[in-house]
Amino acid sequence: MPERTRASGAAMQRLAPRDPGRSFYGMAAEDPPTGARGRPGGARGKPARVGRLGLGGLLVLAACARGSAAGPAGPRGEAPPLAEAPERSAAAEAGASQGATSGRDAAPVALEGVTHPGCFMLLELDDGPPRWAGEQPCDQRTTPASTFKIPHALIALDTGVVTDVDALVKWDGKKYWIESWHRDHSLRTAIYESVVWFFQGTARAIGRERMREYLVAFDYGDAEVEGAIDMFWLDDGSLEISPQEQLRFLAKLYRDGLPRAQAHVPIVREMLIRPPSSYESRMPPGTPLPKVHPELVFSAKTGTGSMGDDAVTWLVGHVGCPGREHVFVSRVITPGEPGTISPAVIHGLAALDRTGVLRCEPE
C-alpha cells in the first residue's frame, strides 16, 4: 500500500471540495451489461481511428484497465492513503491564467537520452514545449481504457451523480476478474482499484448527452459517445484519444484550465495521488523501483486494453516537485493479450527516472 504522508493545512485546503458544507448522497450502481467477457469489456474488433495529424495503422482495442495491482486500498470502504499535494508554482498559476493552452500548438521536441518502446510524452507546466520519445506514434488515437476514469470522475461530480467521494455503492455480487472489485466501493476507492462496474453505473446515470457535452468541452480525444453508454470507452467503444491529446488534457487539469467542473478538480487530483512504488506489482519481479525525491508527489492512472492480437497499456499522470511540475503520458502497444504486467508502467517510470523528474533534479 502507498505510504501516508501528512498533508499541510495549505495543501489540504487547496485540494478540498469547494463546498464541504453541502449535504451528500450516494448513487446506487446498476448491473453491468450482459454479454461482457470475464474481464471488463466484451467483443473485440473495432478498428482504431487515427489522430488529427494522420499517422496511420489499424488498432483494435478492448477491455478496460486494471487500475491498480498493488492490492486492495484497505478495509471495506476505507479510502486509500494519500500523500501531500504540492503547492502551485507561480509559473504554473500563470499558465492557468493564460488559458492553460501553452504547449498545445507547440511542436513536440525529441527527448534526448530516453528510450521507450511506445510513446512517452513529458511537459513541464512552467515552461517549454512537450517532449517525446519512443518508437510508436504519439498522435494515433486508441481507447483511453481506464485513464478515462479521470474525466469520468469529474463529470460524475459536476453533474451531481456522485456528491460524496467516500459514499459506498453496494457491490452487485457478480464475479469479476479482479478480486478487489468484489466489495462495496466509493468513487475514491473505485478510482484507486479501477473498478469498472462502479463507473458503468455512473455512466448510465450521467447519460449520453451530458457525457458528450463535457467531453467536447474538455476537448477529450474524439469526444464520441456512441453505442452502449456503459461501454463506449471499453470494448468496441467510440471514445478514442491519442497520447498528445491525453497530455493536453492533463495540462489543463493541473493548470486549472478546464472550462467545466473546475470546482471538483482539486478532489479528483487528490484521489490520483499514489507513490510510484504502488505500481510494483505491475512490473516483473525484481524490477528496481526508481529513486524519488522525499518531497515528490506522484499522481497517476493506468489503463489496459486488448485488440486482436495486441495489448495496449497506459500510464498517465502528474509529478509535483518543490517549485516545479510535470505531466506525462506513457502508452505501449505490444503483441499478445494484456496481463498484470504493464509495459506502459515499466517504461513510463523508467523514462521519468532517466530524465531525473522523479528525483526533482534540475533540467
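Most exposed first by the Cβ proxy, i.e. fewest other Cβ within 10 Å, how do Leu122, Leu272 rank? Walk me through the numbers on the way to the answer.
Details: Leu122 24, Leu272 21.
Placing the least packed residue first, the sequence is Leu272, Leu122.
Pairs of alpha carbons in segment 293-363 separated by more than 18 Å make up 40% of all such pairs. The local environment of Ala300, defined by Cβ-Cβ distances under 11 Å, has a net charge of +3 under the rule Lys, Arg +1 and Asp, Glu -1.
Amide hydrogen proximity for Val165: with H placed 1.01 Å from N in the peptide plane, no residue at 5 or more positions away or on another chain lies under 5 Å. Full extension of the chain between Ala107 and Gln262 yields a length gain of 53.1 nm, computed as 0.36 nm times the residue separation minus the alpha carbon distance.
In this simple spin-label approximation, Arg210 and Arg359 carry label points 7 Å from Cα along the Cα→Cβ vector, and these lie 4.8 nm apart. Cβ-to-Cβ counts within 10 Å put Cys119, Cys360 in ascending order as Cys360, Cys119, the fewest first.
Rounded to the nearest 0.05, what FRET efficiency do Glu226 and Lys291 have when you use their Cβ-Cβ distance and R0 = 56 Å? Step by step, r from the Cβ atoms, then E = 0.80.
Bear in mind that the values in this text are calculations on the coordinates, not laboratory data. Keep in mind that this is a model prediction, so the values were computed, not measured. Backbone-built Cβ (ideal geometry, glycine too); neighbour counts: all protein chains shown.
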